[in-house]
Every structure is written in C-alpha cells, then in structure tokens.
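Notes for the one structure printed next.
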Amino acid sequence: MATIKEIAEKANVSISTVSRVLNNDQTITVMEETRKRIIQVAKELNYITRKKNVTSVQPKKESVNIGLLMGCNQEDEFDDPYFVSIRKGIEEQCIRKNMKISKFIRLKNRTDDQSLEELDGLIVVGYRNTDKIEELYKHSKNIVFVDSESPGYDCVISDLKEASDKVMNHLYQLGHKKIGYIGGPVNDPEMQPNIDNDVDEWNVRKQVYESFMKDKGLFNQDDLYIDQWGTSRGYRVMKEIIEKGDIPTAFFIGSDPMAIGAMRALNEAGKRIPKDVAIISVDGIEVSNFVNPPLSTVKIYTEQMGITAVNLLQERIEGRKIPLKVVVPTDLIVRESCGGKT
C-alpha cells in the first residue's frame, strides 16, 4: 500500500501538504496545479482507491516545519532594529500560515551542528554564502533569501538603488554640492556578494553616492567615510569630521542608527541641523521621527519583506520550481533634518 511519504516524493511536495490535500483540508492555500498533481499521483499509486473514505476524515491541521537562519548576531540586532523588523514579519506570517519555525540559528560565528534535513524549507536573512547554506541543507531548493540574492533561489530585497537615488537627487535639488557619505563596510567574508551577482546589495548606497557625485563632477574621496555600522560609530565618525574641518553641507548616511549618532555629534559641536549640515539616511525605523530634529529617511518596508519571504517559501513547498525575485519599493520621508520638502 502506498504511503503519504511516497506520494510526497513523487509529487515533489512536503508530506504535510500531501496529507492536508488528501484529507480535504480547506484551510490550506495551495495552487490548483499542485492539488491536481497530488491527487493524480495518489491515484497512480492506488492510494485513493484503497483509502476510499479518506476525504471524509476531519482535516488535519499539521504545521509546516521551517528553519529561520539569521546572518546577524544579537549585538547587531541591538544596534539596529532593521533585522528585528524582518524577523517580526516572518514570525507573525508563520503564525497566520500555520508554519512552525522549528529551528532558529544565528549563522554568524556559528559553532553548533544542528541538523536541518527534516525541515520543509528555510528562510535565510542577511546572509549570502550559498555554498554554506547548501552544505547545511542539501536535500531541497525550498530556500528563500531575504536582504540578499542567490542565483537559483527565491529572494526578497528592498530597492536600495531606488532609495539611494532618491536621497542624492533630493539633496542636490536643495542646492547641496558638497555632499558626504557615511556608511558601513562589508568586512565579513560570509557577507560578501556572490561572484555571479552583478549587484552588490550591501554596498549599493555607497555605489550610488559615488556614481552620482562623479556624474556631477563633484566627487571628493575625502568626503566618503566608511566605518562599522551602529549609532556609536556614526557618532565617532562625525566627531572626527568636525575636528578635521571642511564639513560637507549635507550627508547621505547609510542607516538611521548611524545618522542618529552623527546628529548627536553635530548638536554637541553647536552645528545646526539642517542649516549648517543637512542629513538624510536609510531605514525608516520608528525612533527616526523622535530625534531632534526629526530625521529625514528612506523607509524600507522590512516587515513586509519578512511576510513576503514566508509567502514565497509556502509556494516553494507546495511545488513551484521557478525561482522568484521580489523587490520591495521604498519611500522617501522628508522631515526637518534635511530642510526642504518633497
């Protein structure tokens, strides 16, 4: 007699999906093509003919078991709520979709040896070493990368190029010609971009800044500052800039936490924001509206990125084979820190 496991293997879906379809579970969201394929395979293996009463059984609300792999550590999340918001979107959507996060692993400096083979799929946040992920999870392509791209896999990214273009154009339209950039590096080998990927999502803000300034004939290497991400580092870098003198009239800062630190340094030095120095950053975290003055920023819809990742993974588990790339748009929020309106 055929088993649900045999049907799942032949239909290329999870065991839980087969069980819920054959038990006529009305709460499952599954593509009609997948549903028909499962029923056809069951017929071919004589499962339905031997289990004639299967459709009369009460629906089983089995949860799908997935793994959540985070590229950041707890210190990173404390310094910048960006990844916390993505994780919140994932966790809340998993509850709505009856998907259980059975494994939670922080990949940065990982030393444990947890097995992932029994999982129906993975969501990987802020980590782009595909070889390492494939080594951990060999038996399936049910993987969604969030905040990075990996050829052959689903991914969800924000449109950081669009966000950076908005910042630079807005500052230039306000009349600024000497614009500085403060951001963080990609100094972790595990976070480097894939060789086959033409777009370095982690450095795109810096790349857009450089390209824009060079196109306008305004680029000055001395106005580009790269340090570690975080509020304290933004504070330290801005203090060094103030001490050096010849301060740009505006700054594009790579994250809200770095910008908040930089603004404190400017306030301590008696520099008026935005009259002396205009500031725009990227993230759109809640606290950006409560600093003095309120911070102009590009809103990244991090929670929606997490929700979308769960939806994509569900489709993969249910049988979709074509990898999809979802680019979530951004919104420029103009507040007092840059002066001027959109």
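The values are calculated or read from the model by the stated rules, or taken from the named source; none is laboratory data. The model shown is predicted, which means the values in this text are computed figures rather than measured ones. Don't worry about glycine lacking a Cβ; one is built from the backbone with ideal geometry, like all the others, and counts go over all protein chains shown. Side chains are part of the model used for accessible areas, which takes the heavy atoms of the whole protein and leaves out ligands, DNA and RNA. Shrake-Rupley method; radii C 1.70, N 1.55, O 1.52, S 1.80 Å.
Return the calculated 222 nm mean residue ellipticity for the chain, to the nearest 500 deg cm²/dmol, obtained by summing -39500 (n - 2.57) across DSSP H runs with n ≥ 4 and dividing by the residue count. Walk me through the intermediate numbers first.
Values: 12 runs with 130 residues, N = 342.
After summing the helix terms and dividing by residue count, I get -11500 deg cm²/dmol.
Pairs exceeding 19 Å between alpha-carbon atoms, taken from K178/K216; K166/K216; K36/K100; K36/K138; K206/K325; K5/K36: K36/K100; K36/K138; K206/K325. Against the chain, whose longest principal axis comes from its Cα atoms, helix 302-317 is set at around 20 degrees. Can you classify the range 233-324 as rounded, prolate or oblate using the Cα gyration tensor, where a ≥ b ≥ c are the square roots of its eigenvalues, rounded means a/c under 1.5, and otherwise it's prolate if a/b beats b/c and oblate if not? Prolate, because a/c is 1.5 or more and a/b exceeds b/c. The value of relative contact order for the range 205-342, using C-alpha pairs under 8 Å at least six residues apart, is 21 percent. Dipole orientation for the chain: of the candidates C94, Q207, Y153, C94 has the Cα lying most toward the positive pole (charges on Cβ; Lys, Arg +1; Asp, Glu -1).
How much accessible area per residue does the chain have, counting only protein heavy atoms and a probe of 1.4 Å, in square angstrom? Intermediate values should be presented prior to the final figure.
On the way: 16220 Å² over 342 residues.
Accessible surface, normalised per residue, equals 47 Å².
Counting only protein heavy atoms and a probe of 1.4 Å, the accessible surface of the chain is 48% carbon and sulfur.
Of all segments of the chain bounded by GluC sites (Glu not before Pro) found in a DSSP loop with no more than 11 other C-beta atoms within 10 Å, the longest spans 119-342. Computed about its Cα centre, the charge dipole of the chain is approximately 1200 debye, with only Lys, Arg, Asp and Glu carrying charge at their Cβ. With θ taken as phi - 60° and the Karplus curve 6.51 cos²θ - 1.76 cosθ + 1.60 applied, the whole-hertz 3J(HN,Hα) list for the range 11-18 is 7, 6, 9, 6, 4, 5, 5, 4 Hz, x standing for glycine and proline.
For the range 291-342, the relative contact order is 63 percent, taking Cα pairs closer than 8 Å that sit 6 or more residues apart in sequence and dividing their mean separation by the residue count. Taking amide H positions as modeled 1.01 Å from N, with prolines and chain starts lacking one, the residues under 5 Å from V146 and 5 or more places away or on another chain are V124, V125, G126, Y127, V156.
Remark on A250: its backbone amide H falls under 5 Å from those of G180, A278, a criterion applied only to residues 5 or more positions apart or on other chains, H modelled at 1.01 Å from N.
Beta-bridge orientation, the chain: approximately 10 percent antiparallel, per DSSP, counting only bridges with both partners inside.
Sequence gap at least 6, Cα distance under 8 Å: using those rules, report the relative contact order of the chain to the nearest whole percent. Please report the intermediate quantities before stating the final value.
Details: 621 pairs, mean separation 65.5, N = 342.
Relative contact order comes out at 19 percent.
For the chain, the Cα-based Rg and Dmax, in that order, read 24.1, 83 Å. Say the cut-off is 29 Å between C-alpha atoms; which of K88/K141; K88/K271; K271/K299 go over it? Violating the 29 Å limit, Cα to Cα: K88/K271.
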